[in-house]
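What follows is a set of notes on a single structure, which appears directly below.
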Amino acid sequence: MSWMKSLFVREYQLANRVGGGALIGVLFFLAVVTIFPFGVGPDMILLSRIGAAILWIGALLSTLLGLDRLFQADREDGSLELLVMSGRSLELVVLIKCAAHWAATGLPLVLATPVLSLFVGLDFQSIVLVTLTLLVGAPALTLVGAVGAGVTVSMRRGGVLLSILVIPLAIPILIFGVSAATAGAIDSNNFLVPFLFLCALTLFGLVIGPLAAAAALRVSGD
Amino acid sequence: MNQLKLICQGVACDRGGRRVLNHVDFEVGSSEALIVQGPNGVGKSSLLRVIAGLVAKANGTIELEGGMPERSVAEHSHYFGHLDALKPLQSVLENLSFWRDFFEPAAFGGGKVRESMSELEALDTLGIAHTASLPAGYLSAGQRRRLSVARLLVVPRPIWLLDEPTSALDKASEEVLLGLIADHIHAGGLVVAATHLPLNLPNTKFLNLSPVTTESEHMFAGADLDDYFDEDEQDEG
């Protein structure tokens, strides 16, 4: 068990130190959400109607931004080889790396959401719902993204390809996340069904993500 | 007494659609070193990576006799390659402690467990104890290399797979490293090293790799060549 803790602590520390990129995601999130009111215009009714979608898309793009380094940094310095041949379950290694990555980059996005919600004119109930759906749904984005990160680990500019690969897979998460947040704001009876689907997608990602990413990493040594 | 024996038979490996290794055979046992020799690009590193399980082999078998049966060869091995596996943002000690915590120690066969060193002992042995709290990014190439060696000392593993182990090291560090490898061999460890420089190690066997052509095969050269280096049998550690 202690090796898991060591790995988590190391990954979390590396993400938070200078150049680790944990804050970049939040700043990018801020930038994406801020340009929407400029583009759409000062129409508060329109903005608050699409506000949940703006926040979700912003969170998706910010998550993708940091994911390309998830395994690539380890590959470049040789750590990945040692992780692969160590005999530790590579699926668990991937899962722990995802958890640390999410704690360092995803969680700040969720925490920033209530503040950024004000930019797009959401009311209190919508703010709570968007934050809640992101809290539940953003890990799924990281886990699905980890598969793309594993597949593109050996490419020099894999980040763009990673986004192209992952965005289609993230569509269901986006659909249920946004529909839970917007439908719930209109009528709270409509909240539960899409929200449970969102939970299911996260659980699904929790299983598929590490399995697929570990399979991709195993053949990356060639 | 449980002796380890690493046996490779007919190992072949393709990289980038080209066959780089064909019919490689060798045996190396506890307290022995196998030096893999040959010109650049002949597949020395590929052979080590195949043994480490990082590159899939196209053919042949790699077996370890006397090891833990449910563990792979890779899990018995330390791989010391060209890359140092260091995080420049973390301190020297943090880097080393992480690998120590992360790796599961694999004991030698037959209870001949060599005591693994603590992190500071290992750094001291390699002469970089004074850098312990520095970020690894500030180390010179040779110091990074030495820190990477320290990983082999803090986690006991019976097999050491060394790829050009002396690169970037100065004369004194090279002596220290060769002494440590010799200690490992005397303690019942097993070393497979790829190099094109002569390494002064005890109980050495040689494997000469030659470029793969359509019909030629790698020659088995596992014969004892101890008399090749007269002074090899002396202890160096």
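The values are calculated or read from the model by the stated rules, or taken from the named source; none is laboratory data. Bear in mind the structure is a predicted one, so any value in this text is a computation, not a measurement. Glycine gets a Cβ as well: all are built from the backbone with ideal geometry, and neighbour counts include every protein chain shown.
Applying a threshold of 7 Å to beta carbon distances and a minimum spacing of six or more residues, or different chains, the list of pairs starting in the range A:28-45 at a residue that is touching a residue at least 60 places away in the same chain (Cβ under 8 Å) and ending at one that is of a type in the set (S, T, N, Q) and surrounded by 18 or more Cβ atoms within 10 Å (Cβ to Cβ) reads A:Phe29/A:Ser62.
Checking the range B:151-172 against the condition returns a match, with at least one residue being within 14 Å of another protein chain (Cβ to nearest Cβ), touching a residue at least 40 places away in the same chain (Cβ under 8 Å) and among the acidic types (Asp, Glu). Does B:Ala33 qualify as being surrounded by 22 or more Cβ atoms within 10 Å (Cβ to Cβ) and outside any loop (DSSP other than H, G, I, E, B)? Criteria met by B:Ala33.
Hey, among the residues in the range A:18-51 that are within 14 Å of chain B (Cβ to nearest Cβ) and surrounded by 15 or more Cβ atoms within 10 Å (Cβ to Cβ), which one's modelled with the highest pLDDT? Write out each step before concluding.
Taking the range A:18-51 as the starting set, the residues that turn out to be within 14 Å of chain B (Cβ to nearest Cβ) are A:18-22.
Those still in the list that are surrounded by 15 or more Cβ atoms within 10 Å (Cβ to Cβ) too: A:20-22.
On the way: A:Gly20: 63, A:Gly21: 71, A:Ala22: 75.
The extreme case among them is A:Ala22.
Could you name every one of the helices (runs of 4 or more DSSP H) located completely within the range A:103-222 that has at least 2 residues being under 24 Å from A:Ser79 (Cβ atoms)? Before the answer, list the steps.
On the way: elements: A:107-119, A:124-151, A:158-186, A:192-218.
Passing ranges, in order: A:124-151, A:158-186, A:192-218.
The rows are residues; the columns are (1) within 22 Å of B:Asn40 (Cβ to Cβ); (2) part of a helix (DSSP H, G or I).
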position: B:Arg157; (1), (2): no, no
position: B:Leu161; (1), (2): yes, no
position: B:Glu175; (1), (2): no, yes
position: B:Leu180; (1), (2): no, yes
position: B:Leu201; (1), (2): yes, no
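You will find that of B:Gly60, B:Gly81, B:Gly16, B:Gly41, the residue that is more than 30 Å from B:Glu119 (Cβ to Cβ) and modelled with pLDDT of 85 or more is B:Gly60 and no other. Within the range B:46-101, restricting attention to residues that are crowded, with 22+ Cβ neighbours inside 10 Å and assigned to a strand (DSSP E or B), the residue that is farthest from the other protein chains (Cβ to nearest Cβ) is B:Leu64.
Hey, among the residues in the range A:73-95 that are surrounded by fewer than 21 Cβ atoms within 10 Å (Cβ to Cβ) and farther than 20 Å from B:Val50 by Cβ, which one's farthest from the other protein chains (Cβ to nearest Cβ)? Result: A:Glu91.
Name the residue, out of A:Ala140, A:Ala200, that is of a type in the set (Gly, Ala, Ser) and either within 14 Å of another protein chain (Cβ to nearest Cβ) or crowded, with 22+ Cβ neighbours inside 10 Å (or both).
On the way: A:Ala200 fails: either within 14 Å of another protein chain (Cβ to nearest Cβ) or crowded, with 22+ Cβ neighbours inside 10 Å (or both).
The match here is A:Ala140.
Just checking, how many residues over the range B:38-52 are of a type outside the set (A, V, I, L, M) and in contact with a Pro (Cβ under 9 Å, 6 or more places away or on another chain)? Residues flagged as of a type outside the set (A, V, I, L, M) and in contact with a Pro (Cβ under 9 Å, 6 or more places away or on another chain) within the range B:38-52 amount to 4.
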